[in-house]
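The values are calculated or read from the model by the stated rules, or taken from the named source; none is laboratory data. Computed from a predicted model, the values in this text were never measured in an experiment. Counting neighbours? That spans all protein chains shown, and the Cβs are built from the backbone with ideal geometry, glycine included. We work out accessible area using only protein heavy atoms, side chains counted, and drop any ligands, DNA or RNA first. Shrake-Rupley method; radii C 1.70, N 1.55, O 1.52, S 1.80 Å.
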Amino acid sequence: MALEINAAYVQARFGPLAVTPDQVRQVRQCGPGAVITADLVSGRYRAHAPGELDPRQNARLVVFTHQDLQHLVNKQHNLDWERLAQDTTVALRQDMHDWPSGWFASATVVALRAALATEGFWPHTRTYVTDWEEARAIQILVFTPDPRVLMSISLPALRPGPVMCEARLMSDRYAELAHAQGPVCTDTAPDIAQGLAGEARTVLNHM
């Protein structure tokens with residue numbers, strides 16, 4: 001009998017769990033690109049430094065990022081790790097109904113995510129899957145070689161490639177710096193990612 005991963009299953013599996021102060025501290029100390037994942041196999045939360053998470057490993061879904069934590073720190077105005085862990089846990093419980101779609105990304109989404117990670121683009125936000133007529137995977141990534149540059153990507157979440165992908169390079173204040181659109185599939189993802197990294201470096205030369 002196939003396992004149905006729906007909102008009720010996620011709530012039952014992860015709802016009772018809590019993020020630990022050590023996990024929050026690790027994300028804070030590791031900086032942009034650090035994340036917390038929900039591990040579908042072990043049923044645990046895990047903290048990852050930038051570059052530590054294998055983006056091709058779909059069982060570990062990014063559910064919280066360094067940027068998410070920064071928002072909580074800004075509200076709290078201090079580094080009370082116990083309180084930050086509690087607030088992070090509350091935030092995850094509020095969002096987990098959206099998680100199931102994130103575990104079923106197409107091979108194209110996974111390949112592009114992995115190729116961009118190789119070039120230094122790591123999650124600034126978790127992936128959001130829209131409920132439009134065609135579900136789209138939308139995510140903002142941070143260029144870890146220089147976090148002044150962010151990139152948003154949007155492409156069909158479930159349809160296999162080639163698909164049309166939109167990418168926007170932005171400043172860390174979300175001002176658009178460059179825009180690109182074109183087809184991507186599993187075979188071309190490395191070339192697309194390399195081109196976007198080159199564009200990011202060009203933009204940085206003029207900042």
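Measuring nothing but how far apart in sequence close Cα pairs (under 8 Å, 6+ apart) lie, relative to its length, the stretch 1-47 scores a relative contact order of 33 percent.
The value of relative contact order for the chain, using C-alpha pairs under 8 Å at least six residues apart, is 17 percent. Between Asp146 and Trp132, the simple label model (points 7 Å from Cα in the Cβ direction) yields a spacing of 3.1 nm.
Could you please report the charge total around Arg201, scoring K, R as +1 and D, E as -1 over all other residues with beta-carbon less than 14 angstrom from its beta-carbon?
Details: positive: Arg148; negative: Glu119, Asp146, Glu199.
Combined, the nearby Lys, Arg, Asp and Glu give -2.
Distance between the 7 Å Cα→Cβ label points at Arg83 and Asp98: 2.6 nm. Net charge in the neighbourhood of Leu169 (other residues with Cβ under 10 Å of its Cβ; Lys, Arg +1, Asp, Glu -1) is -1.
For the chain, modelled as a GNM whose springs connect Cα atoms under 10 angstrom apart, the maximal fluctuation among His77, His179, His48 occurs at His77.
Report the full-extension gain for the segment Ala8 to Ala49: residue separation times 0.36 nm, less the Cα-Cα distance, to one decimal in nm. Show your work: numbers first, answer last.
Working: separation 41, 0.36 × 41 = 14.76 nm, distance 2.96 nm.
The span from Ala8 to Ala49 would gain 11.8 nm if fully extended.
Carbon and sulfur together cover what percent of the accessible area of the chain at a 1.4 Å probe radius?
Working: 5380 of 10430 Å².
The C+S portion of the solvent-accessible surface of the chain is 52 percent.
Keeping every protein chain present and rolling a 1.4 Å probe, give me the accessible area per residue for the chain in Å². If you can, show how the numbers build up before the last one.
Working: 10430 Å² over 207 residues.
Dividing the accessible area of the chain by its residue count gives 50 Å².
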